[in-house]
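**Student:** The structure is given below, and queries will be raised subsequently.
The values are calculated or read from the model by the stated rules, or taken from the named source; none is laboratory data. Bear in mind the structure is a predicted one, so any value in this text is a computation, not a measurement. No Cβ is skipped: glycine too gets one built from the backbone with ideal geometry, and neighbour counts run over all protein chains shown. The protein model used for the area step is the full one, side chains on, heavy atoms only, and it has no ligands, DNA or RNA in it. Shrake-Rupley method; radii C 1.70, N 1.55, O 1.52, S 1.80 Å.
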Amino acid sequence: MKKQLSWKVGGQQGEGIDSAGEILSTALNRKGYYLYGYRHFSSRIKGGHSNTKIRISTKPVRSISDELDILVAFDQETIDLNAHELVKDGIILADAKFNPTIPEGISARLIAVPFTKIAEEVGMAQMKNMVAVGASIALLGIPVEAFKEVIEERFARKGQKVVDKNMDAIARGAAFVQTEMATLPDFKLEPSDGKQRLYMIGNDAIAFGALAAGARLMAAYPITPSSEIMEWLIKRLPEFGGTVVQTEDEIAAITMVIGANYGGVRALTASAGPGLSLMTEAIGLAGMTETPAVIVNTQRGGPSTGLPTKQEQSDVLAMLYSTHGEIPKIVIAPSTAEECFYDTIEAFNLAEEYQCPVIILSDLALSLGKQTVEPLDYDRIQIRRGKLVPLDEELPELANSELFPRYEFTEDGISRRVLPGTKYGLHHVTGVEHDQTGRPSESPINRKKMMDKRLSKLKNGINFPNPVHLDAKHEEADLLIIGFCSTRGTIAEAMERLEAEGLKVNHAHIRQILPFPTEIVAEQMKKAKKVLVVENNATGQLTSLIKMNVGMADKLVHFGKYDGNPFLPSEIYNQCKELLVHGHI
Amino acid sequence: MATFKDFRNKVKPNWCPGCGDFSVLAAMQRAFANLGLEPEDVAIVSGIGCSGRISGYVNAYGFHGVHGRALPIAQGLKLANRDLTVVAAGGDGDGFAIGMGHTVHAIRRNVDITYIVMDNQVYGLTKGQTSPRSAMGFKTKSTPAGSIEAAISPMEMALTVGAGFVAQSVSSDLKQLTQVIEEGIKHKGFSLINVFSPCVTYNKVNTYDWFKENLVSLSEIEGYDPSDRNMAMQTLMDHNGLVTGIIYQNKDRKPYEDLIKGFKEEPLAKQDIKISKDQFDKLAAEFM
Ligand SMILES: Cc1ncc(C[n+]2csc(CCOP(=O)(O)OP(=O)(O)O)c2C)c(N)n1
Ligand code: SF4
Ligand SMILES: [Mg+2]
């Protein structure tokens, strides 16, 4: 029996790999297993090797694993490319149709299952993926009936016959492998706790969070890996009176979002590096005009078009600095799908409370990696709109037909935000330096006061929960590992192994990048002999940021990976060992 | 009821004396008053340029954004609060150079806003460079040997991308200009109004006199029918685009807002934003 194992399905893109993974994981999720799914795909739609790796566990998992237990292959390429990941006694379930062979030096067992032939017998060659699901669950010890509900929901529209055929395909696949079971190693899963949880990608959670936060307008231009956010919202927003506008480019998207927020609607845009590069001038406009705006950046491989379908975390410094001039800006970085939901809600609150742009920094592995999420809590949805004057509030008449002091100097630097349409609220808004009513002003005295006002809004920190996620029980640690975004689970896993060997390791995952939580990070760094900063980039952007804010440069070691793939737990583990043994990597 | 004076504010425009944009400002203020609007009902979103300053000179809500992006800001605002009368305004560089992409797509999208371009065929604010509206051979600081690029024909361009309201006017004809702006605001959907608004400082060719000599008012063309797209296109080509009045109007085309599934009459900005527990549970169940 296994507490956890990894399953992978691969083949040519468009062969039903995704739906095989989808159906298997939905059924397992409903049985109460914890899952983590990561899709490896290329920018091509059809053709090209693609695979989905799903980790199945009775305990929470938030990372891909080093190893692979079961590989389902629709073609030889899948075996050739992935078999090396298999554990010694791993199993390859391959379509008999292509006469699969095992590459030299691989000790895994190959079972040729007639996926295509069985599917054809059932009635449709496309159902070979369901035969493969059946073959897999025989190994996992999951009964065919566990799929009834999922298959019915998925294929009900196509009629009972299609439902039956799919169930039949699963059953026959399972039966085929069953006959070989006696001679196979045990891959049966230990029973799960049977609890109901959600299984979602980070982008789903961001989109759902936006809706829950009251966002009613999204303007965006499609790009990998962010498009799921707009696609999810366009299906659900109409019920809430809102909509998604697919704009002509990202400049239109961000400026439309600024217009909508100026009008009083919570609005967002989402993109990846190339889109964020286009948005930079307008982000400055939001900062200068003190207009709230929520911008999601799902980082991918850069620069330029880079590796559009691959993992990277190389936009950190760009998010901090990429607009000209100096504005108040908030950058937060959720690290789990659950945080994507709650942090997105917070992003909208922060944007309105501090009247400035808020960037939600994600990365491809977090945005597209699918993970188990504990049931989301409705009561945690809080809406705070700061100093917004609601449209139905009556304002007193202004003396001498003056303008409303939209940019009034206040103690905390934040002024009342009145919306167009409000009587006696007239004021001007401009990206030009302006006075308290928004009229352009070049007065040096006013300029300095206005700059100070805007920048003072974030001076005393912001009201964001858990700016750093800490798993740091040692007062004197051998090592502190720092990361951000999707690496949270991977670091946790490496740390578990190190701890099991008696090493004292703390973990700080930075969730608030700007304003930087200097004190918290400094305190943790002081407790550790060495600090390893794990980040998917070449130049050590987070490392530089820590150096700049915290100092202690002599303790800091950057561990970068920028080949397009997420870190594996073993890679982090090995680097930590190296650092602890040799003092450097 | 508000008069055009109620749309004036205390700010003294920093335009050169004689600049065509003064008339556009005056016509706008008159049009708002004639339509029975109150200052708080109106929002002007402008670009960057001499012309872009206009939003600061009207006693109404005004948003002066970044160069070339008045239209997406204006559309976002209108979608947020459809009770507002939203007017976007800017220069020919703003709308037909840096912002051309937005112009084309705003026309296609057809959100119910009015876009007024102050077309002086030159870049005023940056002190006299060529614009996409400058004629071939037009000499400027950036084209000392004369422009060697063809000028864009905004009205023909608008027709080809499906505009529902296309009009042109000139700063010297305050009456027609006011009328055209009123009609543009009344039109349900996107309306494009190109105004020949002479730059007295950097354009010594396309002057008030030049326009007087070269412009033809459509009201003088017998049988002109603004609902006839073919006629509109033909007339523009016959007169090298130098006509004024409502060139084309399609009253049947529905604005974007009316086509959005589930979009309500009540402005988004006035709706409750909290989702109910039931709605929340239903959405969460999708992930199980
Ligand atoms: C992104 C960007 N590029 C360049 C400029 C400089 N700039 C300001 S206005 C302008 C052109 C103005 O011409 P037009 O839009 O025709 O307006 P006009 O001044 O003629 O009314 C330029 C190039 C800018 N503000 N922003
Ligand atoms: S430079 Fe030209 S466009 Fe600008 S204010 Fe002067 S006359 Fe008007
Ligand atoms: Mg101009």
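**Student:** Measuring with a 1.4 Å probe in the full set of protein chains, what accessible area per residue, in whole Å², belongs to the stretch A:194-247?
**Tutor:** 25 Å²
**Student:** Taking all protein chains as present, what is the carbon and sulfur share of the accessible area of the stretch A:468-582, in % to the nearest whole number, probe 1.4 Å?
**Tutor:** Answer for the stretch A:468-582 is 49 percent, counting heavy atoms of protein chains only.
**Student:** What nm distance separates the two modelled labels at B:GLU222 and B:ASP238, each placed 7 Å from Cα along Cα→Cβ?
**Tutor:** 1.2 nm
**Student:** Can you send over the carbon and sulfur percentage of the accessible area for the stretch A:1-141, probe radius 1.4 Å, protein chains only?
**Tutor:** Heavy-atom surface of the stretch A:1-141 belonging to carbon and sulfur, 1.4 Å probe: 50 percent.
**Student:** Moving to a separate point now. Counting each DSSP H run of 4 or more residues in chain A as -39500 (n - 2.57), what helix-only mean residue ellipticity at 222 nm follows after dividing by all residues, to the nearest 500 deg cm²/dmol?
**Tutor:** -11000 deg cm²/dmol
**Student:** Nearest 10 degrees, 0 to 90: what angle lies between the long axis of helix B:70-80 and the longest principal axis of chain B (Cα atoms)?
**Tutor:** The two axes meet at around 30 degrees.
**Student:** Can you give the average number of partner chain beta-carbon atoms within 10 Å of each beta-carbon in peptide A:413-426, as a whole number?
**Tutor:** Mean partner shielding for this stretch: 4.
**Student:** Also, quick follow-up: Pull out the extension gain between A:GLU442 and A:ALA500, defined as 0.36 nm times the separation in residues minus the alpha carbon to alpha carbon distance; nm, one decimal.
**Tutor:** That pair, A:GLU442 and A:ALA500, stretches by 14.5 nm at full extension.
**Student:** Whenever you get a sec, compute what percent of the accessible area on chain B sits on carbon and sulfur atoms (1.4 Å probe).
**Tutor:** That fraction is 52 percent.
**Student:** When the Cα atoms of the stretch B:32-92 are enclosed in a convex hull and the volume is divided per residue, what value in Å³ results?
**Tutor:** 75 Å³
**Student:** Need the per-residue list for the stretch B:254-273: every residue with at least 50 Å² less accessible surface in the complex of protein chains than in the chain by itself, probe 1.4 Å, sorted by number.
**Tutor:** B:LEU268, B:ALA269, B:ILE273
**Student:** Based on DSSP H runs of at least 4 residues, each adding -39500 (n - 2.57), what is the mean residue ellipticity at 222 nm of chain B after dividing by all its residues, to the nearest 500 deg cm²/dmol?
**Tutor:** -8500 deg cm²/dmol
**Student:** Here's something else I'd like to know. Separation between the B:VAL11 and B:SER142 pseudo-spin-labels, each 7 Å from Cα along Cα→Cβ, expressed in nm?
**Tutor:** Here the answer is 2.5 nm between the modelled labels.
**Student:** Also, quick follow-up: Tell me the accessible surface of A:GLU149 in square angstrom (1.4 angstrom probe, heavy atoms of protein chains only), to the nearest ten.
**Tutor:** We get 100 Å² for A:GLU149.
**Student:** Still on this model: Go through A:288-301, A:151-164, B:56-69 and give me the packing order, highest mean Cβ count within 10 Å leading.
**Tutor:** Sorting A:288-301, A:151-164, B:56-69 by mean packing, highest first, produces A:288-301, B:56-69, A:151-164.
**Student:** I would also like to ask the following. When the gyration tensor of the stretch B:52-150 is built from Cα positions, what are the square roots of 5 times its three eigenvalues, in whole Å, from largest to smallest?
**Tutor:** 29, 15, 9
**Student:** What do you get for the angle between helix A:518-527 and the principal long axis of chain A? Use alpha-carbon atoms, 0 to 90 degrees, nearest ten.
**Tutor:** Long axis of A:518-527 versus the principal axis of chain A: about 50 degrees.
**Student:** Follow-up. Going by alpha carbons, how many degrees (0 to 90, nearest 10) lie between the helix axis of A:273-289 and the longest principal axis of chain A?
**Tutor:** Tilt relative to chain A: about 30 degrees.
**Student:** So if I take the alpha carbon set of the stretch A:1-142, get Rg, then get Rh from the Kirkwood formula, what is the Rg over Rh ratio?
**Tutor:** On the Cα set of the stretch A:1-142, Rg over Rh gives 0.94.
**Student:** What FRET efficiency would be calculated for the residue pair A:LYS148, B:GLN279, taking the C-beta separation as r and a Förster radius of 22 Å, to the nearest 0.05?
**Tutor:** It comes to 0.20.
**Student:** How much solvent-accessible surface does A:THR101 expose, in Å² to the nearest 10, with a 1.4 Å probe and all protein chains in place?
**Tutor:** Approximately 80 Å² of A:THR101 is accessible to the 1.4 Å probe.
**Student:** Compute accessible area for the stretch A:198-222 by itself and then with all protein chains, 1.4 Å probe, and report residues whose area falls by 40 Å² or more.
**Tutor:** The answer is A:LEU198, A:PHE208, A:ARG216.
**Student:** Using R₀ = 60 Å, calculate the FRET efficiency as 1/(1 + (r/R₀)^6) where r is the Cβ-Cβ separation of A:GLU433 and A:ALA175; round to 0.05.
**Tutor:** 0.20
**Student:** Relative to a virtual label point 7 Å from the Cα of A:TYR424 in the Cα→beta-carbon direction, which members of the stretch A:373-407 show backbone nitrogen distances below 13 Å?
**Tutor:** Within reach of a label on A:TYR424: A:393-405.
**Student:** Multiply the residue gap between A:LYS158 and A:SER43 by 0.36 nm, knock off their C-alpha separation, and tell me the result in nm, one decimal place.
**Tutor:** 38.4 nm
**Student:** How much accessible area per residue does the stretch A:468-582 have, counting only protein heavy atoms and a probe of 1.4 Å, in square angstrom?
**Tutor:** Counting only protein heavy atoms, the per-residue value for the stretch A:468-582 is 39 Å².
**Student:** At a Förster distance of 25 Å, what's the computed FRET efficiency of A:HIS584 paired with A:ASN466, Cβ-Cβ distance as r, to 0.05?
**Tutor:** Approximately 0.20, to the nearest 0.05.
**Student:** Right, another one. With N set to the residue count of chain A, report its C-alpha Rg divided by 2.2 N^0.38 Å to two decimal places.
**Tutor:** 1.06
**Student:** If you add up the charges near A:PRO143, with Lys and Arg at +1 and Asp and Glu at -1, over every other residue whose beta carbon is less than 13 angstrom from its beta carbon, what do you get?
**Tutor:** With Lys, Arg at +1 and Asp, Glu at -1, the net is +2.
**Student:** Positive end of the charge dipole of the stretch A:468-582 (Lys, Arg +1 and Asp, Glu -1 on Cβ, about the Cα centre): tell me which of A:GLY551, A:ILE491, A:TYR562 has its Cα farthest that way.
**Tutor:** A:GLY551
**Student:** Hey, can you find the accessible area per residue of chain B for me, probe 1.4 Å, expressed in square angstrom?
**Tutor:** Result: 40 Å² of accessible area for each residue.
**Student:** For the stretch A:468-582, which semi-axes, largest first and in whole Å, follow from the square roots of 5 times the eigenvalues of its Cα gyration tensor?
**Tutor:** Working from the Cα gyration tensor, I get semi-axes of 19, 17, 13 Å.
**Student:** Here's another thing I want to ask about it. Excluding ligands, DNA and RNA, what is the accessible area buried between chains B and A, summed over both sides, using a 1.4 Å probe, to the nearest 100 Å²?
**Tutor:** Separately minus together, B and A give about 5300 Å² buried.
**Student:** Find how much the distance from A:MET451 to A:ALA96 grows on full extension, using 0.36 nm per residue of separation minus their present alpha carbon separation; answer in nm with one decimal.
**Tutor:** Gain on stretching A:MET451 to A:ALA96: 120.8 nm.
**Student:** Taking Rh as the Kirkwood radius, which is the inverse of the mean 1/r over Cα pairs, what is the Rg/Rh value for the stretch B:92-204?
**Tutor:** Ratio of gyration radius to Kirkwood radius: 0.99.
**Student:** When only alpha-carbon atoms count, how far does the stretch B:4-263 stretch along each of its three principal axes, as whole angstroms with the largest first?
**Tutor:** 55, 45, 31
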